[in-house]
1. So what is Rg over Rh here for region 57-163, counting just Cα atoms and using Kirkwood for Rh?
2. Could you state, as a whole-number percent, how many of the C-alpha pairs of the chain are farther apart than 26 Å?
3. HN-Hα J couplings of region 145-156 from phi, Karplus 6.51/-1.76/1.60, θ = phi - 60°, integer Hz, Gly and Pro as x?
4. What is the magnitude of the charge dipole of the chain about its Cα centre, with +1 placed on the Cβ of each Lys and Arg, -1 on the Cβ of each Asp and Glu, and no other charges, expressed in debye to the nearest 20?
5. Gly216's amide H: which non-local residues (gap 5+, or another chain) put their own amide H closer than 5 Å, with H modeled 1.01 Å from N in plane and none for Pro or chain starts?
6. Given a cut-off of under 8 Å on Cα pairs at least six residues apart, what relative contact order in percent is computed for region 33-151?
7. Where the eigenvalues come from the Cα gyration tensor of region 68-108, what are the semi-axes √(5λ) of the equivalent ellipsoid, largest first, in whole Å?
8. Amide H of Thr192 versus every other amide H placed in the peptide plane: which residues, excluding those fewer than 5 positions away on the same chain, fall under 5 Å?
Amino acid sequence: MLAFQLYQLQQIDNTCDALRAEIQRLEGLLADQTALAEAEAALSAAKTRLHRAQQAWRAAEAEAEAVRQKLRRTEDALYSGRVRNPKELQDLQREAEALKRLLTQREDAELETMLAAEEAELALQQAEAHLAEQQHQRRQQTARWQGDLSEKQSALQAWEKRRQTLTASLPPETLQVYERLRQKRHGLAVSTVHESACDACGAPLTPQRLQAARSGDQLTFCATCGRILYVP
Ligand SMILES: [Zn+2]
């Protein structure tokens with residue numbers, strides 16, 4: 001039963017194709033480090049942002065402190081009793097008021113930069129947690145994928161051995177016909193027949209062709225798609 005042997009060969013090849021596709025998918029997953037690299041990049045960006053925010057905060061603190069000291073000196077002069085000239089006192093008074101307004105602005109800026117630094121600190125913690133989570137997930141996935149991969153690889157090896165045994169018993173020219181059809185017909189060289197029609201393309205068979213396919217000793221081809229017919 002040549003048609004039956006080719007049908008078995010087709011089943012084996014279908015299984016091997018599926019295993020190879022799965023192996024390729026798993027190898028792709030194992031090679032893809034995108035999620036981890038993104039989490040690392042996000043963490044590094046968060047560190048830079050925090051560093052800058054802390055610098056801005058320190059600068060705002062220093063600016064506020066400078067104004068505070070200047071105001072202190074002005075008020076000291078104002079209340080020291082050393083300055084008696086009314087014009088000078090008025091000038092000092094005005095300067096103190098201007099400095100108080102400026103100090104309010106500087107303290108607002110200080111508070112704002114402090115809050116921004118706190119936010120950046122929080123974002124950094126989140127980025128660290130996210131990376132740790134990604135690393136944890138990755139370790140688990142890698143273990144699972146590697147397990148699956150070696151399982152599929154040994155299954156493929158076993159099927160390839162079965163294929164060798166089967167093809168060794170087939171006439172080389174028949175095997176050639178099969179291989180050529182597989183290449184031309186998207187991997188499917190053998191089609192089963194149900195209700196007098198080719199399962200692969202759906203075309204009905206003539207009674208003669210159906211009879212020939214049923215006997216199974218010689219290869220019968222579908223008149224429409226050209227595949228080898230097998231009647232189960
Ligand atoms: Zn067909």
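Here, each number is a calculation from the coordinates, and none is a lab measurement. Since this is a predicted model, take the numbers as computed values, not measurements. Cβ sites come from the backbone with ideal geometry, for glycine too, and all protein chains shown count toward neighbours.
1. Details: Rg = 33.6 Å, Rh = 19.8 Å.
Ratio value, two decimals: 1.69.
2. Details: 18095 of 26796 pairs.
It works out to 68 percent of all Cα pairs.
3. 5, 5, x, 4, 4, 5, 4, 5, 5, 6, 4, 4
4. With only Lys, Arg, Asp and Glu charged at Cβ, the dipole is about 600 debye.
5. none
6. 47
7. Working: eigenvalues 89, 21, 4 Å².
Calculated on Cα positions only, the semi-axes equal 21, 10, 4 Å.
8. Those lying under 5 Å, H to H, from Thr192 are Asp199, Ala200, Tyr230.
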